[in-house]
Each structure stands twice: as structure tokens, then as C-alpha cells.
Amino acid sequence: MIKRDFDDAAKETFDLIVVGSGIIGAGIAWDAALRGLKTLILEKVDFACGTTSRSSRLIHGGLRYLKRLELGLVRQDLRERDVLLSIAPHLVHPLSFIIPLTSGRPLQRVALPFGLMLYDLLYFRKSLPSHQQLTRRETLDFEPGVEPKGLLGSYLYHDCQVPFAERLCLENVLSAAEHGATILNHAKVTEFLRDGNSVSGVVVQDQISGETYQMRARIVVNATGHWVDSVRDMLGKGSRPMVRRTKGIHLLTPQISRNAVVLFAFADSRLFFVIPWQNYSLIGTTDTDYAGDLDAVEAEANDVTYLLKEVQRIFPNVSSGDIFYTYAGLRALAYSKSRRPEDVSRSHKLVDHEREDGIGGFVSVLGGKITAYRAVAEQTVDMVCHKLSAKPPCTTAEVPLPGAPIVPQQSLEQAANERGLTLDTVSHLASLYGSRFSQVLDILNKNPKGAQHLCPHCQDILAQVQHAVEQEGALTIEDFLLRRSAIGLSPCQGLDALNSVASEMGRLLGWSDAEQQHQVDAYRSQAALGQRFRNAGLA
Ligand SMILES: Cc1cc2nc3c(=O)[nH]c(=O)nc-3n(C[C@H](O)[C@H](O)[C@H](O)COP(=O)(O)OP(=O)(O)OC[C@H]3O[C@@H](n4cnc5c(N)ncnc54)[C@H](O)[C@@H]3O)c2cc1C
């Protein structure tokens, strides 16, 4: 349960303050709390609201990194993929990938078998099957939507998907809280507190009340993703950028493939995906340098045109009219200026500012995929423990996240019968909350109205709003629609459920009519970002 209390937190001296609660900050806080460190998370908006909610939602070794021979990175990520399958089986699932082989790409036909063999060998203890080659006929049976003209066959390999990366992030936060961490979302760090040459804490503004507080800690970790430079610059040490920001976009369309399909763009040979997600397809991504507004990243018409043109070579029936919405996110890659964005390493980097700029008690984390977040967190907390002269071991590779394990089908059927809900609804709840779906259903004991659906075309129910507000720290409509449930990710972007969610949250949080309207307007503006590409007109 997340209990938001700024006054209490301001009375403490923490071992560790983690600034930023994307997957990296959440993972660090979880690890630190499990090791017994007195930990505080400060998140300026909401858990996973940054790049963590804008990814391709894959848990993968990263076939494309083999091109740059980043073998250590791929091995680490393949190992972490297996760890996630074991600690979060309710959120991370195996996914098959097809790489169509087409005529006119001889280099690919030579490089791919070598790359896939390496992918299999790099982590030979893996729990997923090795790759195999499919004939043209087998490919079309397996993936009937693929353009048959010029198709020679394909390769089939396996990685994983985390359909709700937002909830993976949240479960780290929830477990951190259960192990004693203090959690404050909508809490923006605006300044650092200094004690000579060391950081001794931060000034934080509650974004809901507007009040300002001082929070103290022995170590502060800057895990703010693509904001990492602007947070470091609050110390007045902003000479060199630590990260290079590159933008990646995705399109949501009706489902065009059964499996994930790996494509190589004709324009620049970049690898991108068509990924089955829920009953739709996610198409992405791009990789372009970015220098715009860090808080409002959007897909532009040229990004969309690039992806559409490339995907139409293999799926000729997709058109711009099929796009429900787009979303965009920023990578924070450890700084490198000399190469093209796609050539910059995806390895994370820890910056100990004591060594780098002579500022004690301050560490920044650069980069780090969702796939490897646990390993990145482990290394970061090892560094923190070293600074604190503490030696508690990391246990996150063995400790299941709160919603594990997977709920057996029989239990779902029983719950559906007992509660008078459909199996689809209960299964949907289990796909979000794992074994904790029963906590949502328990709300129906006191409030049978909680069984009502939030809109005619989603399986989500009213009780989820109460659960999100009372247990999971949801404070805005956006928190609920985009990061506690997945309603905001559906084709209507949650607009069909907006009014019912607004009035239930208003009731639970005591909003005035004006505040409720403000919340609705804010959500509409957020959703509009995903439609802006249409204004410029597609090529
Ligand atoms: C297009 C795209 C596709 C990707 N696909 C994949 C994929 O399929 N698989 C994969 O493993 N990885 C993928 N990645 C990479 C992955 O998404 C990111 O590396 C990861 O989510 C970064 O997490 P983070 O916690 O570092 O940053 P973020 O998620 O951005 O979190 C940073 C947090 O810091 C907070 N913050 C900022 N400033 C302050 C402040 N002053 N005070 C308090 N809080 C603050 C923000 O609000 C934010 O919540 C993808 C990335 C992109 C861009």
C-alpha cells in the first residue's frame, strides 16, 4: 500500500533517496528496501510516466545489438529475461518472433543465421527454445498476413513481452513500500541540499498541494532517465551532457500479425518490429536525435510516414487510416556524439559524482533497458552500499514480485462464478494484477456496484478505481487510465471511460466540480498528443 505523507518523510534521514520512479528508479528502490536500507522514492509525476510507458514492451536480449558486437550487453539481457520470467511470470510472457527473408537482401541472408546462432549460444541456460529456419510455405502458415511476393522463408526465434510495463514498474514500487520504503509520487525535486561538497538531501515540491519540503539522505541517486542532465544541473555542474536523447515512436493499429515480426527498413536498414499487443499491433520504433520539450514528446508526421512506408512492404494492407494513435518516448543513452543514433551503445552507465565532479553522496544512472532494470538496480545499490560501508546482499533475482505467481485457470473460473463476473473480466484482472486480482474483487464485498464495467468495450470494472486510489497511489485520471489500468492504451485512448473514471475518482479523492473538470481536460490534452501527427498531414 502506498501511503503518501510528506510531513513524516521530512522528519526522517534516509539512507537513500531515489529521484525518479521509472523502471530504473523503482528497481533501485525495491532492491534497496529488500536490503534493509531506509529508502525514499521521489517521483515528479507518476511511476512509469516517462520512457518506461513509451517502450516497445519487449523483454529481449536485443538481436540488433549483435551488429555492434555488444556481446556482454546481450548476454546480460538474455539472463535478465529469464530472471523476469521467474520473478514476474504474471507480467512477462514468451513471444515468438518471425524474421521474413526476402529476395534482394543477400547480406541479410548471410548475417542472420550467424547472429541467431550467437543469440542462442550467448546464454545457453535459457528457458526459451532455440531459433529455427522456416520455409516459405511454413512462414505463410505461421504468419498469413505477410506479403508472399518475394518471400523466401523466415527465421523463427523467441524472446518475451511485458504487455503492461507500467505495472511491472508499479509492482517494484509496491514491494519497496511493503519492505519499508517511503513512496511519494507527484513530488518534484527542485533543488539539492548541500553539506560542503556533498549532497545531503533535496528540496521537493508536492505537485498536488504546492507545498515545499526538505528531505534528507546519506546518498541521493538520480534515476530520472532523459531528465538526468537537468536534475544534475541543479547542482550547478552542468558543463557536459551525460546523455544523448533519441526519440522512438510507435503506432497502434488493428492486429496485422499473430507473432512479432522483425523488419529491416529499406531506407536505412534499421531493424523495427510489428508486435502483437492485446488484440492490436504495435509498430515501432524509430531512432532520431531529439532536442525538444522533454515533458511533451510526440510522434511527428515524418516519423509516422517512415514507419508506415516500411511496414507496407511486408504488410501492404496497412494504411494511415488504420492508426488508432501514436506514442513517443526518449532514450537516455550514455553520451556519445560521433555516431548515428542507432550506433550508440545501449549499455547503461553509473556516474559516481564524487569521482567525476567531486560531489559526494550523489550518483546518476544513465540508460538501462526495461529488460535489464533489475541488474542495473543491483549494480547501483551495490555502489550505494559501498558508499554506506554496508554489505547486505542483493536478493531481487530470487524474490517474486507481489502479483506472482500466475493464477491457475481453475481459480479464475471459481472467482468468476462466485462473483457473477465473466471469465473474460476475471482473466483480464489477473493479467493486470496477477494473484492480487482477488484484492480488487474483495472490494465488491462492501461495494457491489464495483462490478460495473467502466465502459462498454473494456473488461475493466469500477472497483479497480478504488483499488488504485486506496492501495496504489493513483491521484489523477491519467495515473489510473494509463498506469494502473491499461484502459488509456486501448484504441479510444480511454476517452470512452473518462466520465465514469472522473466521477469515481472525484468521489474517492473529494474533488470539487472544478477540479474534476480540470482533471478531465488534462487527460484530454494528454490523449491529444497521440493524434497530433494527423495535423501536419502524412506524406
Ligand atoms: C521507443 C523506445 C522503445 C523501447 N523499447 C524497449 C523495449 O522493448 N524493451 C526494453 O527493455 N527497453 C526498451 N526501451 C528502453 C526503456 O524503455 C528505457 O530505457 C527505460 O524505460 C528507462 O527507464 P528510466 O527509469 O531510466 O526512465 P523513465 O521511465 O523516463 O523514468 C524517469 C522518471 O524520472 C522522473 N523525474 C524526472 N525529473 C524528476 C524530478 N525533478 N523529480 C522527481 N522525478 C523526476 C520522471 O517523471 C520519470 O518518471 C525503449 C525505449 C524507447 C525510447
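The values are calculated or read from the model by the stated rules, or taken from the named source; none is laboratory data. Please read these numbers as outputs of a predicted model, since none were measured by experiment. So basically every Cβ, Gly included, is an ideal-geometry build from the backbone, and we count neighbours across all protein chains shown. For accessibility, only protein heavy atoms count, side chains too; no ligands or nucleic acids. Shrake-Rupley method; radii C 1.70, N 1.55, O 1.52, S 1.80 Å.
Only a single item in (1) surrounded by fewer than 23 Cβ atoms within 10 Å (Cβ to Cβ); (2) out of contact with any helix residue (DSSP H, G or I) (no Cβ under 6 Å at 6 or more places or on another chain) is not met by A397, and it is number (2). Screening V74 on (1) in contact with an Asp or Glu (Cβ under 8 Å, 6 or more places away or on another chain); (2) buried (at least 19 other Cβ atoms within 10 Å of the Cβ) shows it passes everything except condition (1). Every condition in (1) farther than 17 Å from A260 by Cβ; (2) touching a helix residue (DSSP H, G or I) at 6+ places or on another chain (Cβ under 6 Å); (3) not aliphatic (A, V, I, L, M) holds for T135 except the one numbered (2). Against the test of being open to solvent by 70 Å² or more (accessible area, probe 1.4 Å), among the hydrophobic types (A, V, I, L, M, F, W, C) and either within 20 Å of R270 (Cβ to Cβ) or without any contact (Cβ under 8 Å) to a residue 40 or more places away in the chain (or both), the options L58, L69, L112 yield a single qualifying residue, L69. Can you say whether A415 is open to solvent by less than 40 Å² (accessible area, probe 1.4 Å), under 30 Å from L40 (Cα atoms) and at pLDDT 95 or above, as far as the supplied structure shows? Answer is no for this residue. Taking the conditions exactly as written (modelled with pLDDT under 95, of a type in the set (A, V, I, L, M, F, W, C), open to solvent by 70 Å² or more (accessible area, probe 1.4 Å) and part of a loop (DSSP other than H, G, I, E, B)), does F124 satisfy them or not? For F124, the condition - modelled with pLDDT under 95, of a type in the set (A, V, I, L, M, F, W, C), open to solvent by 70 Å² or more (accessible area, probe 1.4 Å) and part of a loop (DSSP other than H, G, I, E, B) - is met.
Annotation note: Cβ proximity below 7 Å between a residue of region 358-386 that is within 14 Å of V18 (Cα to Cα) and without any contact (Cβ under 8 Å) to a residue 60 or more places away in the chain and a residue that is within 16 Å of the ligand (Cβ to nearest atom) and open to solvent by less than 10 Å² (accessible area, probe 1.4 Å) (sequence gap 6+ or interchain) occurs for M383/V363. Give the residues of region 486-505 that are surrounded by 23 or more Cβ atoms within 10 Å (Cβ to Cβ), out of contact with any Phe, Trp or Tyr (no Cβ under 7 Å at 6 or more places or on another chain) and under 13 Å from Y523 (Cβ atoms), sorted by residue number. Of everything in region 486-505, those that are surrounded by 23 or more Cβ atoms within 10 Å (Cβ to Cβ), out of contact with any Phe, Trp or Tyr (no Cβ under 7 Å at 6 or more places or on another chain) and under 13 Å from Y523 (Cβ atoms) turn out to be I487, G488, G494, A497.
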